[in-house]
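*Asks:* For reference, the structure I am asking about is given below.
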Amino acid sequence: MTRILLPLAIVAAIFFGPMFSETTSGSATGDSTTLRSGEYFIGEAVECLRKLQLPIGEDCASEGQLNGSTVVGDVISWAALISVAAAALGVAGLLPFIGRLTSMVTVVAGLATLGAMGYFALSMMGTPEGLPGVQWGAYLAAAFGMLTLISGLAGLRGR
């Protein structure tokens, strides 16, 4: 059951949790800090999944930019997509003969999430906000990624 819930928790933490803060300055408003949730990166991919369309291609590409590039959004979108696939396969993994395959995909989902959050943190180092701009949603997604990895490894052992 944890191989179903943890990958879904990854997607929820990425989508709803604040990922970073950015400071904007305007002539009328002055400096203001805006919290950006993960929807900024994976909103288009989630919309494609809602339409029952595979989130691949220009229609579902991330428009969220960090350091003037959409690569971070693409990496986080792929990690979320792998997590959704792991959760979907986890439902089929309740059958006894598919259990090990589910564990392998769960391990991949955990590694993809940890890699995506690591790349996100490295990319944040190049912004004016730096690492202090990383918010709790990114840390929560990384923690769920680690728990997912541990759950998948335990499932490979037969637990």
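The values are calculated or read from the model by the stated rules, or taken from the named source; none is laboratory data. This one's a predicted model, so the numbers in the text were calculated from it and none came from an experiment. Cβ coordinates were reconstructed from backbone atoms using ideal geometry, including for glycine residues, and neighbour counts include every protein chain displayed.
*Asks:* Hey, could you check segment 23-51 for residues that are in a helix (DSSP H, G or I) and not aliphatic (A, V, I, L, M) and say which is surrounded by the fewest Cβ atoms within 10 Å (Cβ to Cβ)? Steps first, answer last, please.
*Replies:* Within segment 23-51, the subset in a helix (DSSP H, G or I) is 39-50.
Restricting the remaining residues to those that are not aliphatic (A, V, I, L, M) gives 39-41, 43-44, 47-48, 50.
Numbers: Glu39: 16, Tyr40: 22, Phe41: 29, Gly43: 18, Glu44: 19, Glu47: 14, Cys48: 19, Arg50: 9.
If we take residues in segment 23-51 being in a helix (DSSP H, G or I) and not aliphatic (A, V, I, L, M), then Arg50 is surrounded by the fewest Cβ atoms within 10 Å (Cβ to Cβ).
*Asks:* In segment 9-33, how many are over 20 Å from the mean Cα position of the chain (by Cα), over 16 Å from Asn67 (Cα atoms) and touching a residue at least 12 places away in the same chain (Cβ under 8 Å)?
*Replies:* First pass over segment 9-33, keeping only residues over 20 Å from the mean Cα position of the chain (by Cα): 23-33.
Still in the running and over 16 Å from Asn67 (Cα atoms): 25-33.
The next check asks that each one be touching a residue at least 12 places away in the same chain (Cβ under 8 Å); those that pass are 33.
Within segment 9-33, residues that are over 20 Å from the mean Cα position of the chain (by Cα), over 16 Å from Asn67 (Cα atoms) and touching a residue at least 12 places away in the same chain (Cβ under 8 Å) number 1.
*Asks:* When the residues of segment 52-101 are narrowed to those that are without any contact (Cβ under 8 Å) to a residue 12 or more places away in the chain and either touching a Ser or Thr at 6+ places or on another chain (Cβ under 6 Å) or aromatic (Phe, Trp, Tyr) (or both), which ends up surrounded by the most Cβ atoms within 10 Å (Cβ to Cβ)?
*Replies:* Thr70
*Asks:* Modelled with pLDDT under 85 and either part of a loop (DSSP other than H, G, I, E, B) or touching a Phe, Trp or Tyr at 6+ places or on another chain (Cβ under 9 Å) (or both), is that true of Ala12?
*Replies:* Working: modelled with pLDDT under 85: no; either part of a loop (DSSP other than H, G, I, E, B) or touching a Phe, Trp or Tyr at 6+ places or on another chain (Cβ under 9 Å) (or both): yes.
No.
*Asks:* Additional query: Among the residues of segment 70-78, are any assigned to a loop (DSSP other than H, G, I, E, B) and of a type in the set (S, T, N, Q)?
*Replies:* Start the filter on segment 70-78 by keeping residues that are assigned to a loop (DSSP other than H, G, I, E, B), which leaves 70.
Of the ones still in play, those that are also of a type in the set (S, T, N, Q) are 70.
Yes, some residue in segment 70-78 is assigned to a loop (DSSP other than H, G, I, E, B) and of a type in the set (S, T, N, Q).
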